Amino acid sequence: MSEYIVEMRHITKKFPGIIANNDVTIQIKKGEIFALLGENGAGKSTLMSMLFGMYEPDEGEILIRGEKVKIASPNHATRLNIGMVHQHFKLVSNYTVTENIVMGMEPVKKLLGFIPYVDLKKAAREIAQLSAKYGLEVDPQQLIENANVSTQQRVEILKMLYREAEILIFDEPTAVLTPQEIEFLLDIIRGLRDGGKTVILISHKLEEIKQVSDRCAILNRGKLVTVRDVAATSTKEMANLMVGREVSFETDKKPADFHEKILEVEHLSVEDQNHFPLVKDVSFSVRGGEIFAIAGVSGNGQVELADAIAGLIKARSGVIRLNGVDISDYSIRRRTLEGISYIPEDRQNYGLVLDFTLAENLALKQYYQEPFSHKGVLRPGEMDRYGERMLEKYDIRSGQGVKTQVRSMSGGNQQKAIVGREIELQSPLMIFVQPTRGLDIGAIENIHNQILKERDAGKAILLISLELDEIMNLSDTIGVIYNGAIMKIADAKTLTTNEVGEFMMGVKGA
Ligand SMILES: Nc1ncnc2c1ncn2[C@@H]1O[C@H](COP(=O)(O)OP(=O)(O)O)[C@@H](O)[C@H]1O
Ligand SMILES: [Mg+2]
């Protein structure tokens, strides 16, 4: 019997135009927590998708418990006791917790000895046992559509365990959780290991990997960089290996120097079409030189709040003032002209026109002004020259320079293009919604520095983020939103990450 429960040898997997995995070899021991670390696009999910039978490798071989296997499908992987919790859960929303767990493998009983029927009682008993053993609390009768993200994740884990998985793959499981939920999940993962399971944990969060895993493999652009003992490797070292260069963690932040109020929001309320309240009587202000961050769990009204300020949606009531002028009834374009830059969450739909070139996108908000237009006639040469300066300044990388169709660019470079374009507007108020979502460490570093630079230049920055680390690193003032209402506004220095997390869950009630 091999020392390793999983061996992937010389695995190569190509997609059109890209080598997602290039000659990767990893060996995983039974009963360890093995982390896969790498930036976005490094090839982590692809590698694990092959272990779970979703893709076949182009080259290389896989051994499970010392035996060479060709894993043809997820069902086959399940028979080999391999389970996977995907980045996006795959549950059926109008089914109960129990139904989701047993789906596809319901325990069948024979009624009167011959009519098959589903023995959900027996299933429920087994689920209750697993749930108790691993601390995976769920309400078996709850509908998935009523369950929060962290419950849904527990259901996914129970689903694997119910199928007798011994090798458990978690693909970025903490990306969607609050700090408290993350701690809880990491405990569960430790418990699974202590119960004899083998865990493969994909993440780009170094702290987590440091906390729970025994060994980690680092991938960079499809290649295995190294495999390390986690206890003997610092997070700094891991980050450098992952990015392939020296990274600085500390954002270099100068003391704040606040000026006059630029944005004032008073008693703002927003409803959806069915008059369901999304933003409830929110008031706050942002000064020049200040980064005001809104912290909150996804879906608590923060995006609607930003959209209402930028004019994308209409508020039901309340007043928005920019430099003392009431702009509540202004159109989007008028607000832009009046001095609002907006980096939206949905960059593909609102931020960019994907079929336009990079040069056109960079001039998107100013094309009707000099020098891009003269007497109503567009001047493409001016746009190109401007674009080239922007590429340089904001480190935007694209295949064919300013002529590149934006659709073909990577998410990180699309985002840098939007950030650059919006900053160049030199607006007194800049609204950033999830500015670094889905970006890798290098691009995050770049965008954080840009945001700080604008703050130091006296701009008022409204930052909306689901990443608490980002909020704690950048903000001067934190407002926590829960269920559409602001629970707390305080100087960022006076709050700990855990306190913010508690307000985010509505625990520390007003
Ligand atoms: N089904 C697919 N078709 C084409 N390209 C893909 C597919 N899946 C992943 N890729 C590409 O392969 C590379 C690795 O992706 P992935 O394994 O998802 O990275 P990670 O999980 O480390 O972020 C990326 O460049 C990605 O765009
Ligand atoms: Mg992935």
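Which ones in segment 228-238 are open to solvent by 10 Å² or more (accessible area, probe 1.4 Å) and either in a loop (DSSP other than H, G, I, E, B) or within 16 Å of ligand 1 (Cβ to nearest atom) (or both)? Even if it seems obvious, please write down each step before you answer.
Looking only at segment 228-238, we keep the residues that are open to solvent by 10 Å² or more (accessible area, probe 1.4 Å), and these are 228-229, 231-232, 234-237.
Within segment 228-238, just Ser234 meets the criteria.
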Handout entry: Residue check, Arg163 at pLDDT below 95, more than 16 Å from ligand 1 (Cβ to nearest atom) and charged (D, E, K, R)
Key = yes
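Return the only residue of Tyr350, Tyr386 being closer than 21 Å to Val406 by Cβ and either open to solvent by 40 Å² or more (accessible area, probe 1.4 Å) or not in a helix (DSSP H, G or I) (or both). Quick ask: steps written out before the conclusion?
Working: Tyr386 fails: either open to solvent by 40 Å² or more (accessible area, probe 1.4 Å) or not in a helix (DSSP H, G or I) (or both).
Of the residues listed, the single one that is closer than 21 Å to Val406 by Cβ and either open to solvent by 40 Å² or more (accessible area, probe 1.4 Å) or not in a helix (DSSP H, G or I) (or both) is Tyr350.
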Fill in the blank from the handout: Considering segment 1-25, residues that are open to solvent by 90 Å² or more (accessible area, probe 1.4 Å) and touching a residue at least 40 places away in the same chain (Cβ under 8 Å), and then whichever is farthest from ligand 2 (Cβ to nearest atom), we arrive at Met1
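How many of the residues in segment 381-411 are of a type in the set (Gly, Ala, Ser), under 26 Å from Ile332 (Cβ atoms) and touching a residue at least 40 places away in the same chain (Cβ under 8 Å)?
Going residue by residue through segment 381-411, those that are of a type in the set (Gly, Ala, Ser) are 381, 387, 398-399, 401, 408, 410-411.
So of that shortlist, the ones also under 26 Å from Ile332 (Cβ atoms) come out as 387, 411.
Applying the additional criterion that residues be touching a residue at least 40 places away in the same chain (Cβ under 8 Å) yields 411.
Here the count works out to 1.
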Handout entry: Every pair of residues 6+ apart whose Cβ atoms lie under 6 Å, when the first sits in segment 33-52 and is in the same structural domain as Ile189 (by TED's automatic domain parsing) while the second is within 6 Å of ligand 1 (Cβ to nearest atom) and not in a helix (DSSP H, G or I)
Key = Gly43/Ala20; Lys44/Gly38; Thr46/Ala20
Problem - Residue list for segment 176-231, restricted to those being within 16 Å of ligand 2 (Cβ to nearest atom) and polar (S, T, N, Q) - result: Ser203, Asn220
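Take the residues in segment 29-44 that are within 15 Å of ligand 1 (Cβ to nearest atom) and open to solvent by 40 Å² or more (accessible area, probe 1.4 Å), then tell me which one is modelled with the lowest pLDDT.
Taking segment 29-44 as the starting set, the residues that turn out to be within 15 Å of ligand 1 (Cβ to nearest atom) are 35-44.
Cutting the leftovers down to open to solvent by 40 Å² or more (accessible area, probe 1.4 Å) gives us 40-41.
Numbers: Asn40: 75, Gly41: 79.
Per the criteria, the residue is Asn40.
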Problem - Residues of segment 214-226 satisfying the condition of being open to solvent by less than 60 Å² (accessible area, probe 1.4 Å), touching a residue at least 40 places away in the same chain (Cβ under 8 Å) and closer than 23 Å to Asn22 by Cβ - result: Arg215, Cys216, Ala217, Ile218, Leu219, Asn220, Gly222, Leu224
Practice task
Run down Glu388, Glu338 and say which single residue is out of contact with any Gly (no Cβ under 6 Å at 6 or more places or on another chain) and either closer than 30 Å to Ile481 by Cα or assigned by TED's automatic domain parsing to the domain that holds Gln434 (or both).
Solution key: Glu338
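Quick test for you: out of Glu454, Glu445, pick the one residue that is at pLDDT 90 or above, open to solvent by less than 50 Å² (accessible area, probe 1.4 Å) and among the charged types (D, E, K, R).
Glu454
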Handout entry: Condition broken by Lys416, with the remaining ones in (1) over 18 Å from Gln450 (Cβ atoms); (2) open to solvent by less than 30 Å² (accessible area, probe 1.4 Å) satisfied
Key = (1)
Practice task
For residues that are surrounded by fewer than 13 Cβ atoms within 10 Å (Cβ to Cβ) and among the polar types (S, T, N, Q), tally how many sit in segment 119-146.
Solution key: 3
Exercise for the section: Would you mind listing the strands (runs of 3 or more DSSP E) fully within segment 1-112 where at least 1 residues are on the phi > 0 side of the Ramachandran plot? Expected result: 4-15, 18-29, 59-64
Practice task
Exactly one condition in (1) more than 16 Å from ligand 1 (Cβ to nearest atom); (2) open to solvent by 10 Å² or more (accessible area, probe 1.4 Å); (3) part of a loop (DSSP other than H, G, I, E, B) is not met by Arg193; state its number.
Solution key: (3)
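When the residues of segment 172-189 are narrowed to those that are assigned to a helix (DSSP H, G or I) and β-branched (Val, Ile, Thr), which ends up surrounded by the most Cβ atoms within 10 Å (Cβ to Cβ)?
The first filter runs over segment 172-189 and keeps only residues assigned to a helix (DSSP H, G or I), leaving 179-189.
In the following step, the residues that additionally are β-branched (Val, Ile, Thr) were identified as 182, 188-189.
Working: Ile182: 21, Ile188: 17, Ile189: 24.
Ranking the candidates gives Ile189 first.
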Exercise for the section: Name every residue in segment 168-188 that is over 22 Å from Pro74 (Cα atoms) and not polar (S, T, N, Q), in order of residue number. Expected result: Ala175, Val176, Leu177, Pro179, Glu181, Ile182, Glu183, Phe184, Leu185, Leu186, Asp187, Ile188
Fill in the blank from the handout: Quick count over segment 353-383, residues being assigned to a helix (DSSP H, G or I), crowded, with 17+ Cβ neighbours inside 10 Å, of a type outside the set (D, E, K, R) and out of contact with any Gly (no Cβ under 8 Å at 6 or more places or on another chain), is 2
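Only one of Glu208, Glu145 is within 16 Å of ligand 1 (Cβ to nearest atom) and in a helix (DSSP H, G or I). Can you tell me which?
On the way: Glu145 fails: within 16 Å of ligand 1 (Cβ to nearest atom).
Criteria check complete, one pass: Glu208.
The values are calculated or read from the model by the stated rules, or taken from the named source; none is laboratory data. No experiment lies behind these values; they were computed from the predicted model shown. Quick reminder, even Gly has a Cβ in these numbers, built from the backbone with ideal geometry, and neighbours come from all protein chains shown. Just the protein is used for accessible areas: all its heavy atoms, side chains included, with ligands, DNA and RNA removed. Shrake-Rupley method; radii C 1.70, N 1.55, O 1.52, S 1.80 Å.
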